[in-house]
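J.: First the structure, which I've put down as structure tokens, then a few questions once you've had a look.
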Amino acid sequence: MKKMLILTICMTLAGLVHAGQSLTSSIQTEIKKNAELKWPDDYSMQAYEIKNQTSDFQAFQSMEKPSSMSNSTFELIKSRAERQWPKDYSMQLYELKNQIKGWMTVNGR
């Protein structure tokens, strides 16, 4: 029953489209695999992890740069977050938001 719930959640999330970015089946499979490794035998935590990582992946992909920030600075921050936290989309999103906030503070915006 619990595995069926996880499968249903995965299939639902795999079909989501956000701001022109679709969640590929390979990324969804990766998220599911990582949740299973992180939370073996805890299906509610696997489902929670899958939901959060999927949502944060989409938020990271659709994040828009502040109008006062150059494209190159934004892309540099984004690529650094991806390198620092490969396959952890929640941390990528956290790092992106945190660095944008820091940049805004440093640049008086």
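J.: Can you give me the ranges of the helices (runs of 4 or more DSSP H) entirely in segment 21-96 with at least 2 residues that are within 28 Å of GLY108 (Cβ to Cβ) and among the polar types (S, T, N, Q)?
T.: Working: elements: 25-38, 43-62, 71-84.
Where helices (runs of 4 or more DSSP H) fall fully within segment 21-96 and carry at least 2 residues being within 28 Å of GLY108 (Cβ to Cβ) and among the polar types (S, T, N, Q), they are 71-84.
J.: Considering only segment 26-82, state which residues are under 21 Å from GLU95 (Cβ atoms) and of a type in the set (D, E, K, R).
T.: Within segment 26-82, GLU30, LYS38, GLU49, LYS51, ASP56, GLU64, LYS65, GLU75, LYS78, ARG80, GLU82 meet the criteria.
J.: Please go through segment 87-108 and pick out each residue that is loosely packed, with under 11 Cβ neighbours inside 10 Å and of a type outside the set (S, T, N, Q). Write out each step before concluding.
T.: Step one: list which residues in segment 87-108 are loosely packed, with under 11 Cβ neighbours inside 10 Å, which gives 105-106, 108.
Residues satisfying the conditions are VAL106, GLY108.
J.: Just to be sure before I move on: is GLN61 closer than 13 Å to ILE31 by Cβ and of a type in the set (S, T, N, Q) in the structure I sent? Reasoning before the result, please.
T.: Working: closer than 13 Å to ILE31 by Cβ: no; of a type in the set (S, T, N, Q): yes.
Here the answer is no, as GLN61 does not meet what is asked.
The numbers here are math on the coordinates, done by the rules we state, and not lab data. Quick caveat, the model's predicted, so the values are computed rather than measured. Heads up, the Cβs are rebuilt from the backbone with ideal geometry, glycines too, and the neighbour counts pull from every protein chain shown.
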